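Only one structure is covered here, and it is reproduced in the block below.
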Amino acid sequence: MLFLKDLLVFNQLSMLAQKAMEGFISGLHKSPLRGFSVEFAEHRSYNPGDSIRNLDWKLLAKTEKKYIKQTIEETNLRCFFWLDVSKSMKYPEGEELKLKYSLALGSILAQALAKQRDAFQFSLLDEQKLIWQSDLKSTKGHLSNLFSKLEQLWNSKDLESDWNQDFTYANLASSIPRRSMVVICTDMIIENESDFWETLKYLKFLKCEILLIHIQHNNHEQMLDLEGIPYEFVDLENQSRIKLNPNEIREAYRTAQVKFTESVKQNSQQLGVSYFEGDVSFPLDFAIMQFYKERNKLK
């Protein structure tokens with residue numbers, strides 16, 4: 001299992017992604033998800049009419065199942081990552097677990113996509129600012145450039161970027177081709193929600209597969225699992241402050257949070273968007289498997 005706490009020892013995202021993928025694939029071979037593991041290794045199931053010339057005969061001998069070796073031309077997915085890197089994603093202050101969950105997941109998936117020659121683009125979003133955007137490529141140089149940018153945030157440094165442009169989600173989606181995949185990592189503390197949902201509706205019209213990863217610190221943000229002593233709560237977005245005792249507000253707070261999360265799930269379901277709850281204490285394996293589940297719909 002790939003837990004975020006075990007990945008925090010890495011300073012280099014390239015090393016993190018490599019080690020994480022090794023552990024992930026190893027874990028799949030020990031699980032009943034063998035069909036998934038060969039999908040990940042750039043195979044697909046044999047269909048009647050496929051040329052037997054492309055059969056993986058060694059795999060057939062081992063598993064008695066027919067799989068086709070995919071060529072580079074067959075793996076032509078275009079994947080777009082929208083990573084929320086706003087102040088609220090830097091919770092808890094000093095640890096930045098939500099942001100690091102997003103960065104670790106994005107790095108692991110980028111490594112996998114580059115290996116499969118699938119093109120990917122990353123957009124880093126802070127409130128209404130696009131602070132950096134990569135090209136849409138699948139090369140090793142492209143991956144290396146991405147890691148160098150994400151590592152700055154991973155190591156709690158200011159991102160070196162000349163971008164910092166105003167954006168709307170609609171403008172961000174305007175250059176995305178039909179039948180692409182869009183992965184959104186955010187805590188859903190979004191200033192313009194109507195623009196966000198309308199944009200996802202447009203992307204579904206383009207027959208894109210969308211994976212919305214709702215990143216949260218479940219114990220604190222959902223359950224308010226804090227000691228029954230007065231705390232000063234600070235809004236990381238606008239720095240407003242209020243002193244409260246968790247015991248006095250816990251029930252009302254939990255009710256409000258459940259209602260909010262359910263509304264996000266319902267909106268996603270209505271649009272045909274795949275929703276995944278990314279708790280920072282849960283293994284990243286589940287999010288990676290959800291990604292490949294959505295990816296395979298585009299084949």
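Taking the Cα centre of the range 81-134 as origin and charging only Cβ (+1 Lys, Arg; -1 Asp, Glu), how large is the dipole, in debye to the nearest 20? Could the numbers behind the result be given before it?
Details: 7 positive and 7 negative charges, 40 e Å.
So the dipole magnitude of the range 81-134 works out to roughly 200 debye.
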- Note on the structure: Taking a straight Cα-to-Cα line shorter than 18 Å from Lys137, and setting aside same-chain aspartates and glutamates fewer than 8 residues away, one finds Glu73, Glu74, Asp118
- Query: What angle, in degrees between 0 and 90 and rounded to the nearest 10, separates the Cα long axis of helix 193-205 from the longest principal axis of the Cα atoms of the chain?
  - Reply: 10
- Note on the structure: Taking the dipole of the chain about the Cα centre (Lys, Arg +1; Asp, Glu -1; charges at Cβ), the one of Ser194, Gln111, Phe233 that reaches farthest to the positive side is Gln111
- Tell me the label-point distance for the pair Gln239, Glu22, using the 7 Å Cα-to-Cβ offset, in nm and rounded to one decimal. 4.4
- Note on the structure: Row for the range 121-231, column shape: gyration tensor on C-alpha, a ≥ b ≥ c, rounded if a/c < 1.5 i.e. under 1.5, prolate if a/b over b/c, else oblate; value oblate
- Item | Within the chain: Cβ-based charge dipole about Cα centre, in debye rounded to nearest 20 (Lys, Arg +1; Asp, Glu -1) | 1720
- Message: Under the rule a/c < 1.5 gives rounded, and otherwise a/b versus b/c splits prolate from oblate, where does the range 126-178 land using the Cα gyration tensor?
- Response: oblate
- Can you tell me which of 157-163, 276-282, 62-68, 121-127 comes out highest on packing, and rank the rest after it, using the mean Cβ neighbours within 10 Å? 121-127, 276-282, 62-68, 157-163
- Task: Mind giving me the FRET efficiency for Ser161 and Glu232? R0 is 25 Å, r the Cβ-Cβ distance, nearest 0.05 is fine.
- Result: 0.15
- Message: Need the C-alpha centroid separation for the range 142-177 versus the range 52-121, integer Å.
- Response: 18
- Say each of Met15 and Ala252 gets a label point 7 Å from the Cα, pointing the same way as Cα to Cβ; how far apart are those two points in nm? 4.9
- Task: Would you mind checking the pairs Lys19/Lys157; Lys129/Lys243; Lys98/Lys201; Lys207/Lys293; Lys19/Lys149 and listing those with alpha carbons more than 21 angstrom apart?
- Result: Lys19/Lys157; Lys129/Lys243; Lys98/Lys201
- Query: So which residue, out of Arg254, Arg117, Arg53, gets the largest mean-square fluctuation from a GNM of the chain using Cα contacts under 10 Å as springs?
  - Reply: Arg53
- Any idea how far apart Asp50 and Lys115 come out in nm if each label point goes 7 Å out from Cα toward Cβ? 2.0
- Task: Grab the DSSP H runs of the chain that are 4 residues or longer, score each as -39,500 (n - 2.57), total them, divide by all residues and round the 222 nm result to the nearest 500 deg cm²/dmol.
- Result: -13000 deg cm²/dmol
- Item | Per-residue Cβ neighbour rank within 10 angstrom, fewest leading, Trp57, Trp154 | Trp57, Trp154
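Rule-based calculations on the coordinates, nothing more; no lab input. Note that the structure is a prediction, hence the values are computed from the model and not measured. Every residue, glycine among them, receives a Cβ derived from its backbone with ideal geometry; neighbour counts consider all protein chains shown.
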